[in-house]
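To keep things clear, I will list the structure first and then write my remarks on it.
The values are calculated or read from the model by the stated rules, or taken from the named source; none is laboratory data. Since the model is a prediction, treat every value here as computed from it, not as a measurement. All Cβ positions, glycine included, derive from the backbone under ideal geometry; neighbour counts span all protein chains shown. Heads up: the accessible areas ignore ligands, DNA and RNA and are worked out on the full protein's heavy atoms, side chains in. Shrake-Rupley method; radii C 1.70, N 1.55, O 1.52, S 1.80 Å.
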Amino acid sequence: MRSTERDNVVSNNRATPGAARLHLADGVPLLRPDEQVFEAMLDGWRNQQLARNLALSTINGRERKVRAFAAHADAFPWNWSSPLADEWFGDLRSVHGCGRSTLRGYQEAVRLFCDYTTDPAYEWAAECERRFGTHPIQVCHEWNTA
């Protein structure tokens, strides 16, 4: 086998940084599946962002924002919806007095996390469908974000 063929085979067998199969072992029952899958998603997203060479402060800030949305929604990502996001964004502005740029930062963090969890390369949608019978969707759209 030529080296380029071997390199292609090796790269095809490697999991993408942040992929579900790197964070959850197949066939292993979870004690608290909702919480553990959400934490694994966040760990995978962290790895994906580290692979992109982002600053730790950026990564940590985004994670805090996603956790804040999950707490406000009282739901895990596979149960999020655009109306939940709309409500939270409205509360951030009207109740918490967030400025426009702050709101954009929250919206961007949630949008990027949803992009990550819905990207087939990371296999989170399939994992959630298998475990919970549903999957994450993108909840941030051009009609509900700044």
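Residue pairs whose Cβ atoms lie under 7 Å apart, separated by 6 or more positions or on different chains, with the first residue in the stretch 108-120 and farther than 16 Å from residue 85 by Cα and the second open to solvent by 60 Å² or more (accessible area, probe 1.4 Å), are 118/137.
Test of understanding: among 25, 20, 15, which residue is over 15 Å from the mean Cα position of the chain (by Cα), closer than 18 Å to residue 122 by Cβ, surrounded by 12 or more Cβ atoms within 10 Å (Cβ to Cβ) and modelled with pLDDT under 95?
15
Residue count for the stretch 33-92, restricted to those that are in a helix (DSSP H, G or I) and closer than 19 Å to residue 119 by Cα: 23. Go through the stretch 126-145 and give me each residue that's of a type in the set (A, V, I, L, M, F, W, C) and surrounded by 14 or more Cβ atoms within 10 Å (Cβ to Cβ). Across the stretch 126-145, the qualifying residues are 128, 132, 137, 139, 140.
Looking at the stretch 74-87, can you tell me whether even one residue there is surrounded by 21 or more Cβ atoms within 10 Å (Cβ to Cβ), touching a Phe, Trp or Tyr at 6+ places or on another chain (Cβ under 9 Å) and farther than 21 Å from residue 18 by Cβ? Within the stretch 74-87, one or more residues are surrounded by 21 or more Cβ atoms within 10 Å (Cβ to Cβ), touching a Phe, Trp or Tyr at 6+ places or on another chain (Cβ under 9 Å) and farther than 21 Å from residue 18 by Cβ.
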